[in-house]
1. Quick one: in the range A:79-111, which of the residues that are in contact with a Lys or Arg (Cβ under 7 Å, 6 or more places away or on another chain) and under 24 Å from residue A:28 (Cβ atoms) is farthest from the other protein chains (Cβ to nearest Cβ)?
2. Which ones in the range B:72-110 are touching a residue at least 60 places away in the same chain (Cβ under 8 Å) and touching an Asp or Glu at 6+ places or on another chain (Cβ under 6 Å)?
3. Can you tell me which residue among D:44, D:120 is closer than 29 Å to residue B:113 by Cα, in contact (Cβ under 8 Å) with a residue 12 or more places away in the chain, of a type in the set (Ser, Thr, Tyr) and open to solvent by 70 Å² or more (accessible area, probe 1.4 Å)?
4. Pull out all pairs, ordered by first then second residue, where Cβ-Cβ is under 7 Å, the residues are six or more apart or on different chains, the first lies in the range A:50-71 and is within 11 Å of chain D (Cβ to nearest Cβ), and the second is basic (Lys, Arg) and open to solvent by less than 20 Å² (accessible area, probe 1.4 Å).
5. Out of the range C:36-60, which residues are of a type in the set (A, V, I, L, M) and either touching a strand residue (DSSP E or B) at 6+ places or on another chain (Cβ under 6 Å) or at pLDDT 95 or above (or both)?
6. Looking only at residues that are more than 19 Å from residue D:40 (Cα to Cα) and not β-branched (Val, Ile, Thr) in the range D:100-117, which one is surrounded by the fewest Cβ atoms within 10 Å (Cβ to Cβ)?
7. With the checklist (1) surrounded by 19 or more Cβ atoms within 10 Å (Cβ to Cβ); (2) over 18 Å from residue D:116 (Cα atoms); (3) within 10 Å of another protein chain (Cβ to nearest Cβ); (4) at pLDDT below 95 in hand, flag the one item residue A:25 doesn't pass.
8. Report the residue count in the range D:71-99 for those that are surrounded by 24 or more Cβ atoms within 10 Å (Cβ to Cβ), among the hydrophobic types (A, V, I, L, M, F, W, C) and under 30 Å from residue A:119 (Cα atoms).
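The values are calculated or read from the model by the stated rules, or taken from the named source; none is laboratory data. All figures in this text were calculated on a predicted structure; none of them were measured in a lab. All Cβ positions, even for glycine, are placed from backbone atoms using ideal geometry, and neighbour counts span all protein chains on display. The protein model used for the area step is the full one, side chains on, heavy atoms only, and it has no ligands, DNA or RNA in it. Shrake-Rupley method; radii C 1.70, N 1.55, O 1.52, S 1.80 Å.
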There are 4 protein chains.
Amino acid sequence: MSTLGAELTVVGQGRIEIRLPFSAQLTQQHGYLHAGAVISVLDSACGYAALSLAPDNKEVLTVELKVNLLSPAVGNLLVARAQVKRAGKTLTVCTGDAFAITGSEEKVVATMLATIMAISI
Amino acid sequence: MSTLGAELTVVGQGRIEIRLPFSAQLTQQHGYLHAGAVISVLDSACGYAALSLAPDNKEVLTVELKVNLLSPAVGNLLVARAQVKRAGKTLTVCTGDAFAITGSEEKVVATMLATIMAISI
Amino acid sequence: MSTLGAELTVVGQGRIEIRLPFSAQLTQQHGYLHAGAVISVLDSACGYAALSLAPDNKEVLTVELKVNLLSPAVGNLLVARAQVKRAGKTLTVCTGDAFAITGSEEKVVATMLATIMAISI
Amino acid sequence: MSTLGAELTVVGQGRIEIRLPFSAQLTQQHGYLHAGAVISVLDSACGYAALSLAPDNKEVLTVELKVNLLSPAVGNLLVARAQVKRAGKTLTVCTGDAFAITGSEEKVVATMLATIMAISI
């Protein structure tokens, strides 16, 4: 995430927010943020949300994810918010939404439902 | 849905609730509601949520759905709640949760993310 | 599956076929097999495919599934074919296709990608 | 894709292969290709597969995708192969697999099921 320029702005119990300022390198010819970048940020937010509820000796990896791309990501900033839907001993299910922000306007651009696995370090 | 014994209990703009009392025919040997029944009810709730925002001359069909089964559906009643995440002219994206109810206790048993298409009648 | 009238017709190592004759009870007003029935049969085929590769002291449950409904299921018989994509110690990933058969004609009606978990009995 | 260093190596009717050599920039501390890169390449392969069957005046965009991450992407080269499962007038469903290649060894690392929409240019 740090190579993309993303920042983890909120960490709660099972709730995460990641903010990614748009950069020339991550945008397409039309000024849209690449879908791959949107998906990566949402995936990371889901992973961190699961990790925030996992025991200290665990790390997490994404088993699978499904994402609907709802609108082109046009704006200055991407904000991804993820939360744990159900935390299990082995598997945790998370949902997340990504919003493109232009000034004070926020528009949902993608929504994700993902399964995360906790593994012993 | 009527053959399953389901009832549409709430209809709002883009929000639907369907209730399905457990019956012997729909439960497995352990008294769990079959996953297929849970998925069918969630799918119907997503479809009706999309339909509630569609023009009068349209009907809807499910393009695809993804569902995470979170817990066995044990209880007396299944309640599925779906809402439109984003309504488009052709495609509408819906999310829905299903809960198993035992007395006054409600437990989430499944969560769905689905894509619904509007077609002209 | 037996209550639906389905039959497991092929069992291989990680490959399963389930056949379901259409019945009045499972079809809609237009003679289509209900999407819920198609999904249930595909889910079962994926589960049995995973189970065919699991150790004897394990049973399986579906963690999540995603299905694209490709065409209305019109015909006399539904055939679901599933295979293991990757078998792991805890999680197995399966794909499956469902076909509606009318006489000698076979038409794909749905495709599934599912995650199955092995649990100790 | 070109900024990632990816190359479209096969174009058939509804079948696409994209090859991406691993680079330091795309790999994690353990030498794995980032999941985000794997997903982006698979998504592109699915999109091009759909585009290869679309009329000349159409372009495509991904409505939604679901991907199972099967193994860490360790190797020298990623190969993504996608094919159209069903081409419709508006929506096309594609599947794709990604393989990590080390010398002559090929290992499946991810599998995708995606819905692609054709839109008029």
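1. This residue is A:79.
2. B:81
3. D:120
4. Once the first residue is within 11 Å of chain D (Cβ to nearest Cβ) and sits in the range A:50-71, its partners that are basic (Lys, Arg) and open to solvent by less than 20 Å² (accessible area, probe 1.4 Å) give A:64/D:66; A:66/B:66; A:66/C:66; A:66/D:66.
5. Of everything in the range C:36-60, those that are of a type in the set (A, V, I, L, M) and either touching a strand residue (DSSP E or B) at 6+ places or on another chain (Cβ under 6 Å) or at pLDDT 95 or above (or both) turn out to be C:38, C:39, C:41, C:42, C:45, C:49, C:50, C:51, C:53, C:54, C:60.
6. So the residue we want is D:104.
7. So the condition that residue A:25 fails would be (1).
8. Residues meeting the conditions: 4.
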